[in-house]
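Only one structure is covered here, and it is reproduced in the block below.
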Amino acid sequence: MIMKLNYEIEKNTMRFDAEGVTLDFAEGCDFWRLHLEIDEYCELLVRSAKQTDYTVTKTEKETVITYPSLLAENGVRFDCTYEVHIEREKDGLNFYGVFENRHPRLRVNEQQLPFLDIQRFNGDFQQEVLYVPCSLGERIVNPRAFVRNMKHTEYMCADYNNIWWVLDYTAAMTMSFLGVQSGDTFLYIARKDPNFSLCNFCIGTTPRGQYPRLCLTVSHYPLAVEGEKITTPKTFVAAYKGDWRCGAADYREWKNTWFVPRKKPEWIQELTGFQRIIMKHQYGEIFYNYPDLVDIYKQGAKVGIKLLLVFGWWAGCFDNGYPVIEPDEKMGGGEALREAIAEIHRLGGRVLLYTNGRLIDVKTDFFKKYGKDICEIDIDGNEYREHYRFGNNGTLLRKYGHLSFAMGCHATDAWSDQLVEYAEKEMSYGADGVFFDQIGGAITNVCFNPNHKHGRRGDRQNEYRIQNIDRVRSMLVGDQALTSENVCDVFGSHLDFVHGGTGGCWRTPNQYPYMFRSLFPEIITTNRMLHDLRSDYKNHLNNAFVFGLRFDSSVYRCRVGGIDLEPQLRDYFAYLIKEKEAHHRFFYDGTFISPRDYKVPEKVTVAEYAYGDERMFAFMNDLTTPVDFDFYGHPMHLDGLGIGTLETTVKEFPDEGEL
């Protein structure tokens, strides 16, 4: 139940009020902050609490606070009008800003609105729980302590003012909302921007030695220069009597305004997983020739994995030479690659050839010719760079890795054309579609090249990425698929499956996959990071089983050989795939739902699936010893590190209400 969130502006600070909620703000705190750039000063702070010249206009629909100029913390006043708009939506509040910059040389780089500086939220702050959609979701108890202990930069930033955990959407955050639970109240913050522009959700606290307040804000990047008038996207704040699912219901309503369920090729819908291999590694070692792909495929097919995802299949080596991806004569040449894929098709299998949809190798002729025009440019006018240090058995490469990459900007025709060329190349060898690494949810940088199609709105690159994904999709024929790496709601909605990220795709202490899986059950996602026979391999694969993830087999980090190299892993994959097949209609045709937290023993995880009027529950036991328990009248037994299932009906387990 949403509670009416009231507010008042007093002495240029904000107070919130909702029935039955304690929400105390720090004395004299800000409710917005701006960061300006003037000459060499790149992050000049402007605080709401320090403004002395403003007017407040109230109508039935909204409140507008107008600042005819901005007083920065260095005492200089700037000729820039700023309007803070506060609209009521339902019983929550929308916040957005309007800038009109008239000041020479000034650029308004960043807006943090609203800025919530919370002293006390209901009860003991140590019992607060942060729900944040990192990968499939994380649940963090006592976020104030978590941020203070884990995110202090020590030297790089002004942690003597605030310590921040900064999460960018559409990369670190896979959905654009988060919230904090305290007692029976959930405080919810969502950015619902139809253009999906880049933003950062910021969770902060006060410096060491001070009482640990909780700071929550959303950073937008208007980049408004002299002569521009810019309106920022809206941020919604609400308080619910209930838990994170109340906020998720609001986000689902917004999702339904833009998300169109995509009918996937049947082989994708039925996908159990894939074997992932590297043929020729970054440092030049060849692990396989093209004819070897057939044997690698057969190893996976025996356990029910009938897709091969092939990295490093070109002459330039894996993660090397982008965007040139020509077959290697040393591995057999292009015709041998085409024949191997055709043979796998005759055996009933599928093949996807990998390339990267973002990186450009700076030593290539392509970069030398197009780099200055096509690449993402940082605030200093340089290309953003990434450095990969893949090595073998020595120390030279792992310590002093030799490869550097710039990033193609999606708001350029040349990069869009390059993605099309990639797709044509992969499909020309018979691949069953296109796999682009780092398009499904990797970092989109703010690009400062005003000559790109985003112009001065360097935070708007995502809308061009969506256009490029759809352009490649328009090339597909028959049951070809478009796939990528990394989880994100908006990009995943345009893809047939995504190779998962970390939290939830890889079992972690704070994981809470219920968030993404229940809001976007349509997005098919794999597990990740299990590269050899770890002692906890069952925990990680059981986690993938319970949450309905497709399986990624990548033994020895995709090198050396196929799944037969690790018989225990191979056999456990086979066991779990067989168990999923026994409940096929739920795992492959059903819907993951998360209507409530069920009462189960500690170290037992449960997830729920719907198929028509039927329900299925999947269980896993993290303990090495067996566990027996009653699940609402159903006796359950799980072996040590075991899984279990229960099929029932909606009549017994309704979607709403407490059990």
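The values are calculated or read from the model by the stated rules, or taken from the named source; none is laboratory data. Bear in mind the structure is a predicted one, so any value in this text is a computation, not a measurement. Neighbour counts are summed over all protein chains in view; Cβ atoms, including those assigned to glycine, are modelled from backbone coordinates with ideal geometry. Please note that ligands, DNA and RNA were not included when accessible areas were found on the heavy atoms of the full protein model with its side chains. Shrake-Rupley method; radii C 1.70, N 1.55, O 1.52, S 1.80 Å.
Within the stretch 639-647, the presence of at least one residue that is in contact (Cβ under 8 Å) with a residue 60 or more places away in the chain and of a type in the set (A, V, I, L, M, F, W, C) is confirmed. State yes or no: is residue 502 open to solvent by 30 Å² or more (accessible area, probe 1.4 Å), modelled with pLDDT under 95 and within 12 Å of the chain's Cα centre (by Cα)? When the stated conditions are applied, residue 502 passes them. Could you tell me whether any residue of the stretch 214-222 is in contact with a helix residue (DSSP H, G or I) (Cβ under 8 Å, 6 or more places away or on another chain) and open to solvent by less than 10 Å² (accessible area, probe 1.4 Å)? Checked the stretch 214-222: at least one residue is in contact with a helix residue (DSSP H, G or I) (Cβ under 8 Å, 6 or more places away or on another chain) and open to solvent by less than 10 Å² (accessible area, probe 1.4 Å). Screening the stretch 137-211 for strands (runs of 3 or more DSSP E) wholly inside it with 2 or more residues that are modelled with pLDDT of 95 or more and open to solvent by 40 Å² or more (accessible area, probe 1.4 Å) returns the ranges 138-141, 163-169. Return a yes/no flag: does the stretch 94-101 have any residue that is among the hydrophobic types (A, V, I, L, M, F, W, C), under 30 Å from residue 381 (Cα atoms), part of a strand (DSSP E or B) and open to solvent by less than 60 Å² (accessible area, probe 1.4 Å). Checking the stretch 94-101: at least one residue is among the hydrophobic types (A, V, I, L, M, F, W, C), under 30 Å from residue 381 (Cα atoms), part of a strand (DSSP E or B) and open to solvent by less than 60 Å² (accessible area, probe 1.4 Å).
Criterion first (in contact with a Leu (Cβ under 7 Å, 6 or more places away or on another chain), crowded, with 21+ Cβ neighbours inside 10 Å and more than 22 Å from residue 466 (Cβ to Cβ)) does residue 405 satisfy it? Please lay out each step first, then the result.
Details: in contact with a Leu (Cβ under 7 Å, 6 or more places away or on another chain): yes; crowded, with 21+ Cβ neighbours inside 10 Å: yes; more than 22 Å from residue 466 (Cβ to Cβ): yes.
Judged against the criteria, residue 405 is a match.
Yes/no per residue for (1) touching a strand residue (DSSP E or B) at 6+ places or on another chain (Cβ under 8 Å); (2) surrounded by fewer than 23 Cβ atoms within 10 Å (Cβ to Cβ):
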site: 531; (1), (2): no, yes
site: 534; (1), (2): no, yes
site: 537; (1), (2): no, yes
site: 540; (1), (2): yes, yes
site: 547; (1), (2): yes, no
site: 551; (1), (2): yes, no
site: 556; (1), (2): no, yes
site: 565; (1), (2): no, yes
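Of the helices (runs of 4 or more DSSP H) lying entirely inside the stretch 242-315, those containing at least 3 residues that are open to solvent by 20 Å² or more (accessible area, probe 1.4 Å) and within 19 Å of residue 429 (Cα to Cα) are 292-301.
If only one of 440, 455 is farther than 13 Å from residue 198 by Cα, modelled with pLDDT of 95 or more and assigned to a loop (DSSP other than H, G, I, E, B), which one is it? Please lay out each step first, then the result.
Details: 440 fails: modelled with pLDDT of 95 or more.
Being farther than 13 Å from residue 198 by Cα, modelled with pLDDT of 95 or more and assigned to a loop (DSSP other than H, G, I, E, B) holds for just one of 440, 455, which is 455.
Evaluation of residue 124 against the conditions (1) at pLDDT 95 or above; (2) surrounded by fewer than 20 Cβ atoms within 10 Å (Cβ to Cβ) shows that the sole unmet condition is (1).
Identify the residue in the stretch 1-30 that is part of a strand (DSSP E or B) and touching a Gly at 6+ places or on another chain (Cβ under 8 Å) and, among all such residues, is surrounded by the fewest Cβ atoms within 10 Å (Cβ to Cβ).
Taking the stretch 1-30 first, the residues part of a strand (DSSP E or B) are 2-3, 6-10, 13-18, 21, 23-25.
Checking the rest, the ones that are also touching a Gly at 6+ places or on another chain (Cβ under 8 Å) come to 2-3, 13.
On the way: 2: 19, 3: 20, 13: 17.
Among them, the one singled out is 13.
What tally of residues in the stretch 468-488 results from selecting those that are part of a loop (DSSP other than H, G, I, E, B), open to solvent by less than 10 Å² (accessible area, probe 1.4 Å) and either within 14 Å of residue 433 (Cβ to Cβ) or touching a strand residue (DSSP E or B) at 6+ places or on another chain (Cβ under 6 Å) (or both)?
Our first condition is that a residue be part of a loop (DSSP other than H, G, I, E, B); within the stretch 468-488, this holds for 474-480, 486-488.
In the following step, the residues that additionally are open to solvent by less than 10 Å² (accessible area, probe 1.4 Å) were identified as 487-488.
If we keep only those that are either within 14 Å of residue 433 (Cβ to Cβ) or touching a strand residue (DSSP E or B) at 6+ places or on another chain (Cβ under 6 Å) (or both) as well, we get 487.
So the count comes out to 1.
Let's see how each residue does on (1) open to solvent by 10 Å² or more (accessible area, probe 1.4 Å); (2) modelled with pLDDT under 95; (3) over 26 Å from the mean Cα position of the chain (by Cα); (4) closer than 18 Å to residue 139 by Cβ:
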{"residue": "579", "(1), (2), (3), (4)": "yes, no, yes, no"}
{"residue": "583", "(1), (2), (3), (4)": "yes, no, yes, no"}
{"residue": "586", "(1), (2), (3), (4)": "no, no, no, no"}
{"residue": "592", "(1), (2), (3), (4)": "no, no, no, yes"}
{"residue": "597", "(1), (2), (3), (4)": "yes, yes, no, yes"}
{"residue": "613", "(1), (2), (3), (4)": "yes, yes, yes, no"}
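For first residues located in the stretch 520-535 and touching a residue at least 24 places away in the same chain (Cβ under 8 Å) and more than 28 Å from residue 610 (Cα to Cα), partners that are open to solvent by 30 Å² or more (accessible area, probe 1.4 Å) and basic (Lys, Arg) and lie 6+ apart or on another chain with Cβ distances below 6 Å form the pairs 531/557.
Each residue in the stretch 52-93 was checked for being buried (at least 16 other Cβ atoms within 10 Å of the Cβ), in a loop (DSSP other than H, G, I, E, B) and touching a Leu at 6+ places or on another chain (Cβ under 6 Å), and 1 of them qualify. Taken together, 384, 388, 370, 354 contain a single residue that is closer than 30 Å to residue 455 by Cβ and under 27 Å from the mean Cα position of the chain (by Cα), which is 384.
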